[in-house]
Each structure stands twice: as structure tokens, then as C-alpha cells.
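Quick notes on the structure that follows.
The values are calculated or read from the model by the stated rules, or taken from the named source; none is laboratory data. Keep in mind it's a predicted model, so treat the numbers as computed, not measured. In this analysis, Cβ positions are derived from the backbone assuming ideal geometry, glycine residues included, and neighbour counts consider all displayed protein chains.
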Ligand code: WT7
């Protein structure tokens with residue numbers, strides 16, 4: 001019964017139930033050069049050696065002052081890592097590399113338009129740009145340690161420059177994914193209490209120059225309506241002096257960064273000596289309610305964790321060219337485009353455009369031109385590239401030693417194409433399972449040590465000890481062959497510290513379910529609930545099946561069904577809204593939206609479009625429903641609960657099971673005719 005509940009209420013229900021696959025092994029060449037080849041690492045990071053094992057990660061960083069206590073649990077489950085330590089993230093990502101590597105490329109920027117070529121920013125140049133912008137933020141915008149600032153920026157080098165300038169000052173940055181709408185940006189401005197917004201006038205996407213600045217007007221207007229004053233909007237320019245956004249700047253509020261920077265040429269700002277546990281950034285993510293959660297990441301713990309995992313899992317060496325194709329607006333980009341790679345003195349690639357524009361060979365041409373040897377992307381991109389250009393990789397002369405897949409389960413046949421065609425049979429693959437909340441990887445193979453298994457993320461990372469519980473709280477043992485709720489038994493340095501301004505929600509959402517004693521100060525009593533369903537095989541490898549909560553993973557991006565539903569309810573004709581995930585060949589999942597109207601309104605294509613548009617406006621285009629089904633009534637239980645499970649089955653053309661206990665079983669047939677005709 002327990003297992004049934006996990007399966008029935010969740011997205012896992014429609015996860016493909018793959019066969020267990022065989023192992024793949026790294027080449028001797030890979031092992032010979034790998035950063036981590038010592039199998040003893042698992043023992044060193046065993047629970048017996050917890051938490052002291054994490055000294056090994058922290059020692060990869062430069063500290064102004066070393067910590068006194070590795071883990072303070074006195075406010076469990078809000079933990080403090082490396083207590084007493086003083087550190088600066090910007091210093092660790094830039095300044096400390098100047099002595100030996102100032103001429104090395106820190107960032108390779110690939111603008112979308114081919115004719116713009118490539119731009120290469122050295123560590124020295126990054127140092128100059130970050131310092132000048134930090135001086136501007138401090139003197140012109142008046143930002144100081146502990147302030148929050150919202151960023152709504154595209155994939156351009158100015159984004160890491162902005163993040164690192166904030167980190168230099170101890171200002172907490174909150175980057176909102178560039179594709180989110182102005183309204184979504186406003187919610188995050190309000191929640192974080194930012195009175196400065198940093199944006200860009202325009203950027204390229206799939207051949208068009210998108211006018212992005214107008215989102216700032218919407219964001220500020222909505223934020224101010226909700227009581228959050230925004231004093232300054234700092235606007236970076238994609239083409240300084242050449243392009244101007246359609247809407248004029250607001251006098252006294254909006255400023256072009258490039259104009260202001262002229263006053264700060266040559267400025268230098270001493271990095272703030274931050275406490276290890278001071279927040280570095282907020283990253284909003286979707287959950288079970290309509291309101292996004294601001295995951296608060298600390299400085300020392302987070303940086304130690306992403307630096308260590310970039311070194312040992314991404315196998316980044318200073319001479320590597322590393323390309324993670326995610327967007328910096330998501331946690332993957334923060335941890336594994338910016339902080340982890342730069343702390344390791346890598347050359348990190350930032351690509352403005354999409355992998356398939358102008359053609360399916362674009363990614364491989366970039367890899368060839370920049371001689372990328374570590375490549376990192378999501379199953380949704382791999383599926384798209386496999387579909388539209390299966391033979392493209394072979395046409396380009398690049399060689400990856402290492403590839404990552406992240407963000408959603410990868411089908412074994414897609415994994416095998418990635419391995420054979422993209423990796424040319426040479427590259428190892430790591431399937432890294434983790435979350436916005438976790439800062440860095442939870443499960444993955446260690447590339448030179450643990451063999452790969454298609455479709456499995458692998459064992460827990462060294463120092464991460466997963467455990468699967470059933471709904472009653474029983475532990476499902478290794479090899480049980482049953483799905484359950486995967487939790488992590490122990491805290492780790494990359495873990496978020498709390499939900500910004502909402503400790504109760506933090507505890508309720510992530511710890512209450514399996515907490516052994518709510519008054520305990522012992523981490524052993526606070527297993528972390530990930531919200532995913534998983535199966536653990538005999539060999540201790542974890543297969544992640546999908547979410548057990550109301551979260552849909554669309555192209556590796558997390559969307560809350562409740563968020564989409566509340567956006568639909570903004571439309572005045574709408575009485576009820578229900579969102580269910582539908583399987584999609586490329587995106588993994590897409591949201592299907594069911595709507596019941598208020599009395600007196602009739603269904604029409606115009607109304608369906610109006611609802612769909614409202615969602616794009618409230619959240620962004622990524623949340624656009626596959627289809628808006630306006631139904632006469634929702635299938636409901638006798639107590640009036642909408643049966644999303646039934647709608648999900650209908651949308652995915654699956655058997656709906658027994659519906660006779662519903663209050664209105666006849667509606668199911670009617671909806672089926674509409675949806676499956
Ligand atoms: C959810 C977290 C990981 C950073 C980007 C997404 C799913 C993530 C995998 C994987 C299967 C995965 C989980 C997780 N997920 N990685 N390798 N295999 N599923 O971060 O937006 O916070 O989403 O993505 O369901 O809970 P996020």
C-alpha cells in the first residue's frame with residue numbers, strides 16, 4: 001500500500017520503468033589523468049568520519065581565517081558549516097588565480113550571432129571588470145554587505161561579472177532566469193526585499209534580438225504595488241550605444257551601466273571578509289504551493305562543496321575547456337558554470353544561444369572551435385540534438401574526455417547515443433542527480449572510480465548518504481526493488497541554509513516528514529526529504545524516477561503545478577484549474593491544463609488562448625501549457641478534491657483505473673472524448 005501511494009500520487013507513476021543496464025568503464029587514458037582515483041575516498045567520507053571529512057573540500061579554498069568548528073548543529077536543521085571561518089567567494093574565483101594564471105581565459109563567451117565570433121576574458125580582465133562594477137554597486141547603488149539585489153539577466157559575461165561583484169561586497173544576489181516574465185521577477189524582488197534590479201536591454205535567442213528591458217518596467221511596477229520600492233534599475237547593454245530598447249528609460253531610476261562605469265575605470269574594491277555562514281545568494285525554485293521559495297545558500301559551505309565536486313566529479317583541471325550548456329539563471333549555472341569552475345581556475349564557456357540554432361551542428365562547432373573537452377548538458381538538449389541531427393557530432397573534430405547529464409532522468413537509449421555519438425565512445429559520462437536546494441551533486445559516479453550505468457545516477461556522492469523510506473517511514477533496503485521517497489541522512493556543506501525569511505516552511509517542507517525528534521539538535525534526527533521517488537539497486541546505485549510532489553520537470557526546469565494553476569486563476573472566467581504532467585519526447589514533460597469555468601461563461605478557443613497567455617505573462621513562456629482543456633467539470637472525489645491522477649492518466653492516454661468512487665464518474669468519459677479524440 002505504501003509503495004502504491006508513492007506511485008499513484010506522483011510523476012513517478014509515468015516514469016519509464018527501465019530495465020537495469022550493464023556497466024560502462026572509463027578508459028585507462030581517462031583514469032591516468034583524473035583528479036580523483038583513490039577509491040578510499042568513499043571510506044574517508046563515510047558516516048563514521050562525518051562531518052570532519054569535509055575539511056578536504058574546504059581546504060581547496062583560500063580562507064582569511066580558518067574555521068573553529070566544522071559543523072554547528074545547535075539550530076538544526078539550519079546548519080552552519082565552517083563556523084568562525086572568514087572567506088570571500090569572489091577572491092576565491094578570481095584574485096587567487098592571478099599570480100600564476102592572470103593571462104588564462106576565465107570565460108569564453110559565444111554570442112549567438114555567428115558573425116560576432118568569440119570573446120575571451122582572461123582572469124586579469126575578469127578581475128578588472130568585477131572590481132569596477134563592484135565599485136559602482138557600492139558607491140552609486142549604495143549596496144552593502146547583507147543587502148539583496150535582484151538580477152534578471154541573460155547568458156552574457158556581464159552576468160558572472162555582476163554575481164562576482166556582489167560576492168565581493170557581500171551583497172546577496174538573486175538571479176531570476178532571463179526567460180521568466182517581469183511579473184515573476186517582481187515576486188522575487190518583493191520576497192527578497194531588493195531595492196536594486198540589475199538587467200540587460202537585449203539579448204539573442206534563436207535568431208532574434210529580444211527586447212528584455214521592458215520586463216524591468218513590469219517588474220518594478222508590480223513590486224511597488226506589492227509594497228517593495230525599487231530605487232534603481234541598472235541596465236547593462238548588449239550593444240552599448242548602438243541598440244536601444246523600445247521603451248524609454250525612466251528618468252532618475254534607470255541607468256545604463258556602461259555610462260556609469262566610465263566613472264569607475266581603474267577602481268579596485270577590497271573583497272569583504274565574509275563569515276563562512278553568511279548568505280552568498282538566493283535561488284528561487286518552485287514547490288508545492290504557488291509561492292516560489294528562495295533557497296538561501298551560504299558562502300563557505302557552498303563554495304567548498306561546488307569547488308570539490310567540480311574538481312572530483314567534473315574532473316576540471318586548469319588546462320581544460322569546460323562547457324556547461326545550462327543557463328546561469330538556474331542552480332546548475334551558478335554552481336557549475338560560475339562558482340565551481342572559476343574556483344578551480346578553469347576556462348568556462350558561456351553560450352548566449354540555443355543548442356539547435358542556426359543548425360543542429362552549432363554545439364559541436366563551438367566544441368571544435370574552442371577545443372572544449374568537458375561538456376555538460378541536460379537530457380532534453382540531448383534528445384533534441386539526437387532527433388534533429390543524429391549524425392552531426394561525427395562531422396566535427398572535437399574530443400570530449402568527460403560529459404555530464406543533469407536535471408531529469410535520462411533514458412538508457414538516449415544515454416547510449418550521447419556516449420557513442422557525442423562522446424565518440426571516448427568520453428566518460430556522469431549522471432548527476434541533485435537540486436536547487438542541494439547546491440551541488442547528491443548522487444553521481446566518480447568518473448575514474450565508479451563505473452557508469454545508463455539510466456542510473458549512481459551511488460551517493462562521498463559524504464552524501466541517501467536512504468529510501470516508504471510512506472510509513474520504513475527503510476527500503478538496498479536491492480528491495482521498490483520505489484520510495486529518497487532522503488539524505490546527513491547534512492553537507494552545499495545544502496541550502498533555509499528558505500529566505502521562512503524557516504517554518506523550510507522545516508515543514510524538507511524535514512518534518514521523517515524527523516525523528518523535532519527538538520533534536522542532532523543531525524541524525526533530521527533526514528532531508530528530496531521530494532523525489534527512487535529505487536536503489538543491489539549495487540547501491542540509485543535510479544531517480546521523478547517527483548513525488550506537485551512539481552513538473554519541463555526540459556529540466558522545475559515548475560510548480562500550483563504556480564501554473566494560480567496563474568490561470570488570474571483570468572476572471574476561470575473557476576478551477578488543474579495541471580498535470582504529460583510525457584514529451586524531447587522536453588521530458590509538459591504541463592497540460594484543465595479548466596472549469598465560472599457559471600455563465602462558455603468555452604472558446606479565444607478563452608483558451610487568453611488563459612495560456614496569462615500563464616506566459618505571470619510566469620514565462622517555459623510554463624506555457626501544451627493544451628488548455630476547458631471541461632464542464634473536474635473529476636472530483638466525494639469530498640470535492642480534484643482528481644489530478646485521473647486527468648494525468650487521460651492526458652497521457654493511460655488507463656484511468658477505477659473511477660466509480662468519484663462524485664461524478666460520468667465526467668471522465670466526457671473528458672476522455674475531448675482529450676483522446
Ligand atoms: C529535480 C531538481 C539538478 C540541478 C538542475 C535541476 C530532477 C535533477 C536529475 C538526474 C533524474 C534529476 C529531480 C530533482 N533531477 N537531476 N540526474 N536524474 N532526475 O534542479 O530545478 O531544483 O530540479 O530535478 O526530480 O528533484 P531543480
Residues of segment 637-656 satisfying the condition of being surrounded by 10 or more Cβ atoms within 10 Å (Cβ to Cβ) and part of a loop (DSSP other than H, G, I, E, B): 637, 641, 643, 652, 653, 654, 656
Could we say that residue 377 is surrounded by 21 or more Cβ atoms within 10 Å (Cβ to Cβ), under 18 Å from the mean Cα position of the chain (by Cα) and within 16 Å of the ligand (Cβ to nearest atom) here? yes
Where residue 656 falls short, out of the listed (1) at pLDDT below 95; (2) closer than 29 Å to residue 384 by Cα; (3) in contact with a helix residue (DSSP H, G or I) (Cβ under 8 Å, 6 or more places away or on another chain): (2)
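Among the residues of segment 1-56, which ones are modelled with pLDDT under 95, more than 30 Å from residue 643 (Cβ to Cβ) and touching a strand residue (DSSP E or B) at 6+ places or on another chain (Cβ under 6 Å)?
First, the residues of segment 1-56 that are modelled with pLDDT under 95: 1-22.
Subset that is more than 30 Å from residue 643 (Cβ to Cβ): 19-22.
Hits for segment 1-56: nothing passes.
Just the residues that are assigned to a strand (DSSP E or B) and in contact with a helix residue (DSSP H, G or I) (Cβ under 9 Å, 6 or more places away or on another chain), please, taken from segment 194-203. Break it down stepwise before answering.
Just the residues of segment 194-203 that are assigned to a strand (DSSP E or B), to begin with: 196-200, 202-203.
Matches in segment 194-203: 196, 197, 198, 199, 200.
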With the requirement that a residue be over 22 Å from residue 511 (Cβ atoms) and more than 9 Å from the ligand (Cβ to nearest atom), what does segment 521-548 give you? 535, 537, 538, 539, 540, 541
Turns out the helices (runs of 4 or more DSSP H) fully within segment 329-392 with at least 1 residues that are modelled with pLDDT of 95 or more and out of contact with any helix residue (DSSP H, G or I) (no Cβ under 9 Å at 6 or more places or on another chain) are 362-370
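For segment 209-314, which fully contained strands (runs of 3 or more DSSP E) count at least 1 residues that are away from the ligand (no atom under 16 Å from the Cβ), under 26 Å from the mean Cα position of the chain (by Cα) and crowded, with 20+ Cβ neighbours inside 10 Å?
On the way: elements: 232-236, 254-256, 279-285, 293-298.
Ranges flagged: 232-236, 279-285, 293-298.
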Output the qualifying pairs, or none if there are none: Cβ atoms under 6 angstrom, residues six or more apart or on different chains, first residue in segment 422-447 and touching a residue at least 12 places away in the same chain (Cβ under 8 Å) and within 17 Å of residue 381 (Cα to Cα), second residue part of a strand (DSSP E or B) and within 8 Å of the ligand (Cβ to nearest atom). 431/405; 432/406; 433/443; 433/544
Can you find a residue in segment 606-618 that is modelled with pLDDT of 95 or more, part of a strand (DSSP E or B) and more than 19 Å from the chain's Cα centre (by Cα)? no
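Going by the conditions given, is residue 535 crowded, with 17+ Cβ neighbours inside 10 Å, assigned to a helix (DSSP H, G or I) and either out of contact with any strand residue (DSSP E or B) (no Cβ under 6 Å at 6 or more places or on another chain) or not assigned by the TED database to the domain that holds residue 625 (or both)? Outline the logic, then answer.
Values: crowded, with 17+ Cβ neighbours inside 10 Å: yes; assigned to a helix (DSSP H, G or I): no; either out of contact with any strand residue (DSSP E or B) (no Cβ under 6 Å at 6 or more places or on another chain) or not assigned by the TED database to the domain that holds residue 625 (or both): yes.
In short, no.
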Tell me, yes or no, whether segment 175-193 has at least one residue that is surrounded by fewer than 21 Cβ atoms within 10 Å (Cβ to Cβ), at pLDDT below 95, touching a strand residue (DSSP E or B) at 6+ places or on another chain (Cβ under 9 Å) and in a loop (DSSP other than H, G, I, E, B). yes
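For the structure I just gave you, tell me whether residue 559 is at pLDDT below 95, within 14 Å of the ligand (Cβ to nearest atom) and either part of a helix (DSSP H, G or I) or more than 30 Å from residue 451 (Cβ to Cβ) (or both). Walk me through it before giving the result.
Working: at pLDDT below 95: yes; within 14 Å of the ligand (Cβ to nearest atom): yes; either part of a helix (DSSP H, G or I) or more than 30 Å from residue 451 (Cβ to Cβ) (or both): yes.
For residue 559, the condition - at pLDDT below 95, within 14 Å of the ligand (Cβ to nearest atom) and either part of a helix (DSSP H, G or I) or more than 30 Å from residue 451 (Cβ to Cβ) (or both) - is met.
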Filter segment 562-582 for residues that are crowded, with 23+ Cβ neighbours inside 10 Å and more than 17 Å from residue 647 (Cβ to Cβ); which is nearest to the ligand (Cβ to nearest atom)? 563
